[in-house]
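A.B. asks: Take this structure, written in structure tokens, and hold onto it; I'll ask about it next.
The values are calculated or read from the model by the stated rules, or taken from the named source; none is laboratory data. Every value quoted in this text rests on a predicted model; they were computed, and no experiment measured them. Backbone-built Cβ (ideal geometry, glycine too); neighbour counts: all protein chains shown.
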Amino acid sequence: MTVLITYIANMVYLAVLGFIKRKQLDHIASVALNPLPTVTVQLPIYNEHYVVDRLLNACAALDYPRELLEVQVLDDSTDDTKEIVAQKVTQLQKSGLNIVHIHRNHRSGFKAGALANGLEVAKGEFIAIFDADFLPQADFLQKLLPHFENQKTAFVQARWGHLNRDYSLLTLLQSFSLDAHFAIDQLARSTSDYVFNFNGTAGVWRKSAILDAGGWQADTLTEDMDLSYRVFLRGWSAKYAGDVEAPAELPVSFTAYRRQQYRWARGSLECAIKYIPTIGNLNFLLRKNFKPHFISRVIFYIY
């Protein structure tokens, strides 16, 4: 009961904080990055034959200069997704899109391993990441990149939208929970310069920040949270762009939903175990920023 009360109190605090500082998100850097940077879009996929075609079409439609854009399909598939992707990539290459198909015959490191493998040959100064069930809108990069005006911004997280919000009661409840997470947790932490985590997809990273923090690591189930903590520990900052939405599909079965929640819960605990000793050696202000995040993430997924 004590931990639940602590969680509720923390969420109320963040809600009030987010409400007070909400107007800060209304300001997007008025001047676009000049010159425009190179961007690599990474698409980590595994047996996604039902949705991969629309994902690639959405990335091909991104409103960004072709000479500055690279798309990597990081494919660990063991089914016919590999053939579907190969055919689609060939088609898009003929249209002038700089897109490459990187297929691994193993799943070493799983998603973190695929991202790290692609990063080794990525040409972009910035790395955009989308999971297979996301559909980035054409103006995604144009809207998100101006948030990197500060050279110490490691990543910018966009808000998730929901393509199948009204499919069932389960998807509707999931949408409420995720909307609250972004509108309260991510908003308040971003505007207060508190620690918050990249959500694994629908965001952009500064490549140099990833490398500075040691790259993608596969020793936890939540490689996104793990890397987020490491960039903050290295002195980087991050932003949440609530004005930019990336629509995605929610899990439609309870089994898939529970599997997702278990992964997030276990990964949160693994990150807590990994970093709490390190955080204990930092100054009070940084501990103050980190500890509420550990509390809210772990308790949220437990309950």
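A.B. asks: Please find, within segment 242-273, the residue that is modelled with the highest pLDDT out of those that are buried (at least 22 other Cβ atoms within 10 Å of the Cβ) and small (Gly, Ala, Ser).
C.D. replies: Filtering segment 242-273 for residues that are buried (at least 22 other Cβ atoms within 10 Å of the Cβ) and small (Gly, Ala, Ser), the one modelled with the highest pLDDT comes out as ALA246.
A.B. asks: Within segment 47-90, track down each residue that is out of contact with any helix residue (DSSP H, G or I) (no Cβ under 7 Å at 6 or more places or on another chain), surrounded by 15 or more Cβ atoms within 10 Å (Cβ to Cβ) and either more than 19 Å from PHE140 (Cα to Cα) or among the polar types (S, T, N, Q) (or both).
C.D. replies: VAL51, SER77, LYS82, VAL89, listed by residue number.
A.B. asks: Only residues in segment 79-91 that are on the phi < 0 side of the Ramachandran plot count as the first member; pair them with residues that are in a helix (DSSP H, G or I), Cβ under 7 angstrom, at least 6 apart or cross-chain, and list the lot.
C.D. replies: Every condition considered, the pairs that remain are THR81/VAL52; ILE84/VAL52; ILE84/ASP53; VAL85/VAL52; LYS88/ASP53; LYS88/LEU56.
A.B. asks: Across segment 178-194, what is the total count of residues that are surrounded by fewer than 22 Cβ atoms within 10 Å (Cβ to Cβ) and not aromatic (Phe, Trp, Tyr)? Spell out the reasoning first.
C.D. replies: Within segment 178-194, the first condition is being surrounded by fewer than 22 Cβ atoms within 10 Å (Cβ to Cβ), and the residues that meet it are 178-184, 191-194.
Okay, now just the ones that are also not aromatic (Phe, Trp, Tyr), so 178-181, 183-184, 191-193.
Summing the residues that are surrounded by fewer than 22 Cβ atoms within 10 Å (Cβ to Cβ) and not aromatic (Phe, Trp, Tyr) in segment 178-194 gives 9.
A.B. asks: With respect to SER175, determine if the residue is crowded, with 22+ Cβ neighbours inside 10 Å, touching a Lys or Arg at 6+ places or on another chain (Cβ under 7 Å) and in contact (Cβ under 8 Å) with a residue 24 or more places away in the chain. Outline the logic, then answer.
C.D. replies: On the way: crowded, with 22+ Cβ neighbours inside 10 Å: no; touching a Lys or Arg at 6+ places or on another chain (Cβ under 7 Å): yes; in contact (Cβ under 8 Å) with a residue 24 or more places away in the chain: yes.
No, not satisfied.
A.B. asks: Moving on to the next point. So which residues in segment 231-243 are under 20 Å from HIS147 (Cβ atoms) and either assigned to a loop (DSSP other than H, G, I, E, B) or of a type outside the set (S, T, N, Q) (or both), if there are any at all?
C.D. replies: Correct list: VAL231, PHE232, ARG234, GLY235, TRP236, ALA238, LYS239, TYR240, ALA241, GLY242, ASP243.
A.B. asks: Where residues in segment 217-228 are more than 13 Å from the chain's Cα centre (by Cα) and of a type outside the set (A, V, I, L, M), which of them is farthest from GLU270 (Cα to Cα)?
C.D. replies: Taking the candidates together, the pick is GLN217.
A.B. asks: Give segment 31-60 a look and list any residue that's outside any loop (DSSP other than H, G, I, E, B), out of contact with any strand residue (DSSP E or B) (no Cβ under 6 Å at 6 or more places or on another chain) and polar (S, T, N, Q), or say none.
C.D. replies: ASN57
A.B. asks: Continuing with this model, one more query. Out of curiosity, is THR81 within 21 Å of the chain's Cα centre (by Cα) and modelled with pLDDT of 95 or more?
C.D. replies: Criteria not met by THR81.
A.B. asks: When the residues of segment 244-261 are narrowed to those that are within 18 Å of PHE130 (Cβ to Cβ) and outside any helix (DSSP H, G or I), which ends up nearest to the chain's Cα centre (by Cα)? Walk me through it before giving the result.
C.D. replies: First, the residues of segment 244-261 that are within 18 Å of PHE130 (Cβ to Cβ): 244-251, 260.
Still in the list and also outside any helix (DSSP H, G or I): 244-251.
Values: VAL244: 13, GLU245: 12, ALA246: 11, PRO247: 13, ALA248: 12, GLU249: 15, LEU250: 15, PRO251: 17 Å.
Among those that are within 18 Å of PHE130 (Cβ to Cβ) and outside any helix (DSSP H, G or I), it is ALA246.
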